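These notes are about the structure you will find just below.
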Amino acid sequence: MTTRTAPSRVVPSLGRWADHPVVRAERDGWDVLDAVARDDALVVRRAFDAGSAALWGLGTPTGVADLLLDRPDLAAGEVRSSLPRGTTTAAAALGGRTGRAVPEHLRAEPVSRWDWFTATSEPPAQPGEQRVVALDGDEGRARVRAVLDVANPSAELDPSEPGTRWWGWRDETGTVRSVAGARRSGPGVPWSLGGVATDPAARGRGAARAVVAVATRACLHEEGIVVLGMYADNDAARRVYAALGFVVTQEFESRR
């Protein structure tokens, strides 16, 4: 019989996970209610809306599943989650093998699958970078909004959000056709890219690679690490980010 190491409460420290790119980028926005960690997994329960909570899980799917089977209270009540992809399958397997009950939250199928990317070195120069400009002030934000309305109206990053930075790729007429934004919660926190969008009329010209390369380089100069999230089925975006040196730090499955 295999003896499992009991998970350790980590309050308020997150142990070795404190330097993980996801934690570094997101922790300032967490109202942590509980955190449990071991070498292969971290689960954080944080406050979300009134009466509800959100779970973040990092590490291996089996490690996170094991923690949640040991501590089902972490997933109790009205909760949403982003956990390592494969946690659902791992929890079912562990429950069947060990006789532990699988929390109800883990019995439901995930609603989305996405990847967390990290870059720590400058991307190679891309054709068309000379067309990229910073988009500042009301006029710049209006240009960003115009591209998002056409190319990515559901983008989570909004140009009206205070503290965000934006860049745009211009065509031969000077019209902004591709944009990328970045935000962070404060100094010392990695910039997170978002709102990447290209007008369909300008796709296939390397605009996205150029604007993301410039944005990534500018953010790296300030902090030395840049992060972003991307739906797992977005193959076109994956090719762009891979070409610019981004690597997958964690694969997620999410529930709402």
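Taken together, ALA119, ALA50, ALA75 contain a single residue that is of a type outside the set (Phe, Trp, Tyr), in contact with a strand residue (DSSP E or B) (Cβ under 9 Å, 6 or more places away or on another chain) and closer than 30 Å to ASP158 by Cα, which is ALA119. For ARG24, the criteria (1) open to solvent by 40 Å² or more (accessible area, probe 1.4 Å); (2) over 30 Å from VAL240 (Cβ atoms); (3) within 21 Å of the chain's Cα centre (by Cα) hold in every case but one, which is (2).
Restricting the search to strands (runs of 3 or more DSSP E) fully inside region 115-183 and requiring at least 1 residues that are under 25 Å from TYR231 (Cα atoms) and within 24 Å of the chain's Cα centre (by Cα) gives 165-170, 176-183. Only one entry in THR164, THR175, THR120 is free of Cβ contacts under 8 Å to residues at least 40 places away in the same chain and open to solvent by 50 Å² or more (accessible area, probe 1.4 Å), namely THR175. Applying the condition of being part of a helix (DSSP H, G or I) and charged (D, E, K, R) to region 216-253 and asking which residue is most open to solvent (accessible area, probe 1.4 Å) yields ARG239. All of (1) part of a helix (DSSP H, G or I); (2) out of contact with any Ser or Thr (no Cβ under 7 Å at 6 or more places or on another chain) hold for ALA208 with one exception: (2). Once region 39-66 is narrowed to residues that are surrounded by 22 or more Cβ atoms within 10 Å (Cβ to Cβ) and among the charged types (D, E, K, R), the residue that is modelled with the highest pLDDT is ASP66.
Considering only residues of region 221-256 that are out of contact with any Pro (no Cβ under 8 Å at 6 or more places or on another chain) and among the β-branched types (Val, Ile, Thr), which is farthest from ALA53 (Cα to Cα)? Taking the candidates together, the pick is VAL240. Just so you know, in region 188-210 the residues that are among the charged types (D, E, K, R) and touching a helix residue (DSSP H, G or I) at 6+ places or on another chain (Cβ under 8 Å) include one that is farthest from ASP158 (Cα to Cα), and it is ARG209.
The values are calculated or read from the model by the stated rules, or taken from the named source; none is laboratory data. Because the structure is a prediction, the values reported are computed rather than measured. Using ideal geometry, Cβ is built from the backbone for each residue, glycine included, and neighbour counts are taken over all protein chains shown. Note: accessible area is taken over every heavy atom of the protein model, side chains too, but ligands, DNA and RNA are not part of it. Shrake-Rupley method; radii C 1.70, N 1.55, O 1.52, S 1.80 Å.
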